[in-house]
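Notes follow once the structure below has been shown.
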Amino acid sequence: MNPSGTRSSDPFYVPKTSVQKTSAEIINEARNSLRTLRTQRPFTPRNDQRRLFDPSSSRTPASRPPSSFSLHASSFESPDSRPVSGTRLCPLPHKPKFPLSPKPDDDAAHSKPVQAKKIGVCHPRFCKAGSHGNLSEHEIPSKAEMNQQISEDLQLDLKVNLERDFASSFKFNPEPHHIPTGRTKIPAQESPCISSNTHNRESKGRPSSCPSRAASDYMGSKSVSELEATANEIETEQEAMFWNKKIFPILQDLESAQQEKNVEDICQLCVKLHTELASGNMLGKRSKERVVLLKTLFKLVEMDCDKLGLILAKLILALKVSGKNLLNTCKLIFKISRSENNDCLFQSDNIVDSLLEILQNEDVHANSEAFLYCMGAVKFLSGNTLIVNELLKKQCVEILLQLIKKVTCSRNPSEIISSCISHLLVQVTATLRNLADLSMSRSKFLESNALSELCAMLEQHVWDKDICTNVSRIFSKLSSYNDFCLALANCSRSFTLLLSVLNKHSEKQDLVVRIAFTLGNLTAKSNQTREQFYNEQGSIKTLLRLLQTYCELDIKSTKSKVTEIKKTVDLKKNTETEDVLIKVIRVLANLCIHPAVGTDLATNQDCIALLMQILEYKSIDECEELVINAVATINNLSYYQHDTSAITCKRLEISKLLLKLLLCNNMDGILETVRVFGNLSRYDDVRDFMMKNNVYKFIVALLDAKQQEVCFSASGVLVNLTVDHSNRAVLKEEAGVEKMIDCLRDFSPFDWQLAGLVCKALWNFSEDFESSYEAEESRTLQHLLESFLDEQIALGCVINGDLMEYHRSCWKMEFQPVALQLLERLKRHHSDLEPLPFPV
């Protein structure tokens, strides 16, 4: 009695009514017949022109913000001279009511001048009649009001005299024609909040740090708010000296260089100016002369030099501009970054830090357009292989994810998303797409919970094709790694979102192909993920609908290709339509590995019909990967053979479609075809089809391929074919026994799974022993079995010690039991044969 309990004359393959394992189960044990498919990540062509939006953008040209524009000094706003950090005085509690100009028909038209003229003291605020309009007679102030105003004017004049006295000890440089002198007061823009001493703007002096007693008495009579305002208006002697000694000469030199149009000198002077301002702690909004600096810098923008433009932009941003000036500065940087030739300018300067600081600290909603052009510049720079590494080191991933979080978390679900914010998110996601290419970015994406943030944004902007496309590109890149697949699968509603994107934008091929690629990566990892996706409502329907839609598109494009075959059409290059089909079919093939999913898909008539349709109209020479993936999916589905299986019902039709693939010159296609025949050849009618159509000749010939996988699959088919007595003699005529013995000798020391499968086929041959084996073949086979059943000889070829245990396990489980049975049968029939030496 042999170990398996079968009679010695039984074929190794027994029909499924027996407890003996079928050929498909045998192959599955030796090599996992249900295999996940691999494919290349979709190729994203490089855009040669740097624009805010790619040419394939779904946004119409009219709805896009401009990528090209001109900037002049007039584009910028005149900044407020008063430092924002200073405390402003509140306006006077009363309103002056002086008659400024009588009406022409009034009797007072020929009267004497108003009383204020007689007094001889007039506050400047009373001289700007145009700002108040004409006053009627009933608005003429009373005598008490007039006395109060006169008293205030006298106090103001006293303050003027005090400030002039305080400044008398200082010496100032003479005032140039164009640039204001060292600490000259610059007239501020009219503001509703003006302090009571604004009439002294023209004063050239500076108050002393030690005011006189008169000044102390005067200041002591002021309120706390007025004292604070006065303290903020009066600058120290050291600041004035620094301005006159360090800054003012640079401004003079800049004016001269500008008149001479010497760009190099201007660049050097601007760099020097930035350095001096930083050393004097005069950057930001602290300096009163900030308005002088900004006006000077804005005029230099007219020079239209990229190198100078970056230097100016960096300095302007350091002075903390806002509003329109921030926008135009970002536009200036964006304009310069559009040329790849300027990337070296960004590398030599740290202006990238200024851009990232804007994204971190400014209000995105108040400055959305400035953010848009700022992000556009960062996106362009992230396309540079050197700069993108610097962006990664400067925490760009974390900054952009925080920006996404600000936008998504600050909005009510019912609130309409502004177009500028959606344009901005396109730039943000495009930049993250470039950063995702770096292997070093993986940890940053994981630690920053990037996938959850991207999913949250995707849910809010599922209607935006450009945002969805960029996110799909990020997912397709990151999902190539197991840890990201796990993180994405654990994201709440991730599969629901991906399916929603596929359903909403099924016509956008570059989007669909990347979502399908991501799903293929997810379903290639674990059965839990496969089941999770399969249980999503409408998941299989969505995949099959996409498969059908793109099959129809591909058929149309294939017909047009045939008419243009004489032209410069590369038939071996996958089209976008073919790429979508490849990725969608890969998802189906991976899902089949789950038993419940595979059983259900095997019964799906539409799924099988679509796969067969591809094999029918598509040639492997036209699209190798598509045809091979379709055959591999049929192979996975053919593993689930039961009465309700569509594969089982259409097995002969499938066999006819596979027949032409055996005639191709593509070994990968032949190998997948043989694997399918290894499952379908369990049925009598399929075996008859293979014998009548000479398929068996191809199978036997494959034993000469000298490739382990090819020989393994061919041996699996031969196990099934040799179950029929009538087939053994035909296979023997094709030298089937001799070639299998050669495979046993060549591959056994390296592949004991293949050796065990060959022994199973030879077992079936040995039932008709006299007609199947020649004497020499029998002796050779017997000696090989005796040698390989010696563990020391069998495992002597294993050099790598780490693989020793694996080879020993395969030898004991896959080869030894079958080889012992076959050797016993040989010995019983040829006990008189003399042993031969082991062939070298």
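Mind listing whichever residues of region 628-655 are of a type outside the set (G, A, S) and closer than 18 Å to L591 by Cα?
Kept after step one, since they are of a type outside the set (G, A, S), are these residues of region 628-655: 628-629, 631, 633-637, 639-644, 647-654.
Residues satisfying the conditions are I628, N629, V631, T633, I634, N635, N636, L637, Y639, Y640, Q641, I647.
Suppose we filter region 266-317 for residues that are assigned to a helix (DSSP H, G or I) and either farther than 20 Å from A73 by Cα or in contact with a Phe, Trp or Tyr (Cβ under 6 Å, 6 or more places away or on another chain) (or both); how many remain?
8
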Checklist line | Wholly within region 383-463, helices (runs of 4 or more DSSP H) carrying at least 3 residues that are farther than 24 Å from D349 by Cα and modelled with pLDDT under 95 | finding: 396-409, 419-435, 441-447, 450-460
Note to self: I'd like the full set of residues that are of a type in the set (F, W, Y) and outside any loop (DSSP other than H, G, I, E, B), limited to region 464-496.
What the structure shows: F475, F484, F495
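Only residues that are assigned to a helix (DSSP H, G or I) and over 15 Å from V719 (Cα atoms): list them for region 687-697, please.
Within region 687-697, the first condition is being assigned to a helix (DSSP H, G or I), and the residues that meet it are 687-692, 695-697.
Within region 687-697, F689, K692 qualify.
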Checklist line | Inter-residue pairs, beta-carbon under 8 Å, first under 15 Å from C344 (Cβ atoms) and in region 297-314, second surrounded by fewer than 23 Cβ atoms within 10 Å (Cβ to Cβ) and polar (S, T, N, Q), 6+ apart | finding: D306/S339; D306/N342; L310/N342
Notebook entry, point to check: Do we find a residue being among the aromatic types (F, W, Y), more than 32 Å from the chain's Cα centre (by Cα) and on the phi < 0 side of the Ramachandran plot anywhere in region 326-338?
Noted result: no
Margin query: Show me the helices (runs of 4 or more DSSP H) entirely contained within region 711-815 in which 1 or more residues are among the charged types (D, E, K, R) and free of Cβ contacts under 8 Å to residues at least 60 places away in the same chain.
Written below: 725-733, 736-747, 769-772, 775-788, 791-794, 804-810
Notebook entry, point to check: Filter region 776-826 for residues that are β-branched (V, I, T) and over 14 Å from K760 (Cα atoms); which is surrounded by the most Cβ atoms within 10 Å (Cβ to Cβ)?
Noted result: T780
Next item on the list: Could you tell me whether region 288-301 includes any residue that is modelled with pLDDT under 90 and of a type in the set (K, R)?
Entry: yes
Next item on the list: Tell me which residues, restricted to region 547-559, are farther than 16 Å from L591 by Cα and either in contact with a helix residue (DSSP H, G or I) (Cβ under 8 Å, 6 or more places away or on another chain) or of a type in the set (A, V, I, L, M, F, W, C) (or both).
Entry: Q548, Y550, C551, L553, D554, I555, S557, T558
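Could you list, in sequence order, all residues of region 339-387 that are of a type in the set (A, V, I, L, M, F, W, C), farther than 15 Å from L52 by Cβ and under 24 Å from the mean Cα position of the chain (by Cα)?
We begin by selecting, within region 339-387, every residue of a type in the set (A, V, I, L, M, F, W, C); these are 344-346, 351-352, 355-356, 358-359, 364, 366, 370-372, 374-375, 377-378, 380-381, 386-387.
Next, only the ones that are farther than 15 Å from L52 by Cβ stay: 344-346, 351-352, 355-356, 358-359, 364, 366, 386-387.
Once the filter is applied, which keeps residues that are of a type in the set (A, V, I, L, M, F, W, C), farther than 15 Å from L52 by Cβ and under 24 Å from the mean Cα position of the chain (by Cα), region 339-387 yields F346, I351, V352, L355, L356, I358, L359, V364, L386, I387.
Hey, any hits in region 456-477 for a residue that's in contact with a Phe, Trp or Tyr (Cβ under 6 Å, 6 or more places away or on another chain) and within 20 Å of I399 (Cβ to Cβ)? Before the answer, list the steps.
If we filter region 456-477 for residues that are in contact with a Phe, Trp or Tyr (Cβ under 6 Å, 6 or more places away or on another chain), which is where we start, we get 476.
Okay, now just the ones that are also within 20 Å of I399 (Cβ to Cβ), so none.
No, the conditions are met nowhere in region 456-477.
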Note to self: Yes or no: region 688-708 includes at least one residue that is touching a helix residue (DSSP H, G or I) at 6+ places or on another chain (Cβ under 7 Å) and closer than 18 Å to F815 by Cα.
What the structure shows: yes
Checklist line | Subset of region 502-540 (residues that are part of a loop (DSSP other than H, G, I, E, B) and either crowded, with 16+ Cβ neighbours inside 10 Å or not small (G, A, S) (or both)) | finding: H505, S506, E507, K508, A524, K525, S526, N535, E536, Q537
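Might you let me know whether region 744-754 holds any residue that is assigned by TED's automatic domain parsing to the domain that holds W811, within 30 Å of V798 (Cβ to Cβ), of a type in the set (G, A, S) and surrounded by fewer than 24 Cβ atoms within 10 Å (Cβ to Cβ)?
Start the filter on region 744-754 by keeping residues that are assigned by TED's automatic domain parsing to the domain that holds W811, which leaves 744-754.
Subset that is within 30 Å of V798 (Cβ to Cβ): 744-754.
Now restrict to residues that are of a type in the set (G, A, S): 748.
Next, from what is left, pick out any that are surrounded by fewer than 24 Cβ atoms within 10 Å (Cβ to Cβ): 748.
Yes, the conditions are met somewhere in region 744-754.
Quick one: how many residues across region 246-289 are of a type in the set (K, R) and in contact (Cβ under 8 Å) with a residue 40 or more places away in the chain? Spell out how you get there, then give the answer.
Start the filter on region 246-289 by keeping residues that are of a type in the set (K, R), which leaves 246, 261, 272, 285-286, 288.
Subset that is in contact (Cβ under 8 Å) with a residue 40 or more places away in the chain: 261, 285-286, 288.
The total comes to 4.
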Check: Quick one: in region 239-285, which of the residues that are within 42 Å of the chain's Cα centre (by Cα) and at positive phi is surrounded by the most Cβ atoms within 10 Å (Cβ to Cβ)?
Finding: G284
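The values are calculated or read from the model by the stated rules, or taken from the named source; none is laboratory data. Treat the numbers as computed from the prediction; the structure is a model and nothing was measured. With ideal geometry, Cβ positions are generated from the backbone for all residues, glycine too; neighbour counts draw on all protein chains shown.
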